[in-house]
Amino acid sequence: MSLFNLARPLIFRLDPERAHGLTIGVLKALPAGTVGFDPRLASSVAGLTFPSPVGLAAGFDKDAEVFGPLLRLGFGFVEVGTITPRPQPGNSRPRLFRLTEDKAVINRFGFNSQGQAEALPRLRARARSGIVGVNIGANKNSVDRIADYAEGIRRMAPVADYLTVNISSPNTPGLRQLQDEAVLRELLAAVREARPLGGPPVFLKVAPDLGEGEPRQIVRAAVDHGIDGLIVSNTTISRPALRSIHANETGGLSGAPLKPLALDALRRFRAETGGALPLIGVGGIGSAEDAWERIRAGANLIQLYSALVYEGPGLARRIASGLADLLDRSGHATIAEAVGTSA
């Protein structure tokens, strides 16, 4: 039995947000670094070479405090944030709930952030080993959210290996309206104008709760404005059948129950892109088999977060190892060869 499995009952007695804060404190005491991966897991996406397709989604390291130790845990890349231009406390507590019976999480953080000025020095000082992306958002009380994203692009581009424009969190009122085609095109035009020449790739993170035709509109807008890839998807506001007493809490649902919806969204975006635009699959991934399914459905890379709550810090290494085994059985020479083979 792993140390995490022994400690989990004690951890789960703590308030989830307090437990997360303690985890960040422990990680701060650990050394930064990267690990070696099976070379067959490496792939080139948007001009970057990812040593493993298994990444950490935004939301864990909100203020770019522990990306180095997280890379050492076996992630092929780490995405920090969401970081807003100005500090904001987010929504009132409690705002994070474990749905243990469902292996799920509901959060309504609301982009709590120390702000970009606090994160910048930490990111500027990092050793340029390992891939670290920066997820940017708008302040809740902003009078011009599009200007917030443009500011985030300009400020964070020098310290990021890639940038993610997050317009799909359900916890900032009105934010998802930025996915509407006309507004999205205005936003992406501002992002393109703010993007420095030779700057890092820019990804767009979308919601799984999309209507008929919306993936096509988003893909067309992304291609027209030079977006380098799509992250599919954020948390859901829908509520599939859940057993936990927290099932009806307001916020975004993630974890195992999100898997069917996120997988379907990925397939819809793959059908619209035809493989011409890189896709990062997120949502309900908790095993090598889940990651493999997402890769074969069209994901060039995958990200996880909520599964760490239930599976522990060794999950990224286990998934990477499992993917290497699945490659052996599949007959594919590299992970890149497997992308989209079931699409």
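The values are calculated or read from the model by the stated rules, or taken from the named source; none is laboratory data. No experiment lies behind these values; they were computed from the predicted model shown. Cβ: placed from backbone, ideal geometry, glycine included. Neighbour counts: every protein chain shown.
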Can you tell me which residue is farthest from the chain's Cα centre (by Cα) among those in the stretch 40-67 that are among the aliphatic types (A, V, I, L, M) and in a loop (DSSP other than H, G, I, E, B)?
Ala42
Within the stretch 241-253, identify whether any single residue is under 21 Å from Gly133 (Cβ atoms) and part of a strand (DSSP E or B), and answer yes or no.
yes
Looking only at the stretch 35-45, decide whether some residue is at pLDDT 95 or above, under 28 Å from Ala324 (Cβ atoms) and β-branched (Val, Ile, Thr).
yes
Of the residues Gly322, Gly284, only one is assigned to a helix (DSSP H, G or I) and either at pLDDT 95 or above or within 27 Å of Leu99 (Cα to Cα) (or both); which?
Gly322
Suppose we filter the stretch 152-175 for residues that are more than 27 Å from Phe50 (Cα to Cα) and buried (at least 19 other Cβ atoms within 10 Å of the Cβ); how many remain?
4
Would you mind finding the one in Val223, Val183, Val191 that is outside any loop (DSSP other than H, G, I, E, B) and either surrounded by 19 or more Cβ atoms within 10 Å (Cβ to Cβ) or of a type in the set (Lys, Arg) (or both)?
Val191
Within the stretch 75-112, the count of residues that are part of a strand (DSSP E or B) and either at positive phi or at pLDDT below 95 (or both) comes to 1
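Take the stretch 293-319 and flag every residue that is under 17 Å from the mean Cα position of the chain (by Cα) and more than 30 Å from His225 (Cα to Cα).
Kept after step one, since they are under 17 Å from the mean Cα position of the chain (by Cα), are these residues of the stretch 293-319: 294-295, 298-309, 313, 315-316, 319.
Selection gives Ser306, Ala307, Leu308, Val309, Pro313, Leu315, Ala316, Ile319.
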For the subset of the stretch 1-34 comprising residues that are of a type in the set (A, V, I, L, M, F, W, C) and not in a helix (DSSP H, G or I), which member is farthest from Phe203 (Cα to Cα)?
Met1
Filtered residues of the stretch 254-281 (kept if assigned to a loop (DSSP other than H, G, I, E, B) and without any contact (Cβ under 8 Å) to a residue 60 or more places away in the chain)
Gly274, Ala276, Leu277
Test Phe37 against the criterion of being of a type in the set (Phe, Trp, Tyr) and either under 30 Å from Ala222 (Cβ atoms) or not in a helix (DSSP H, G or I) (or both), and give yes or no.
yes
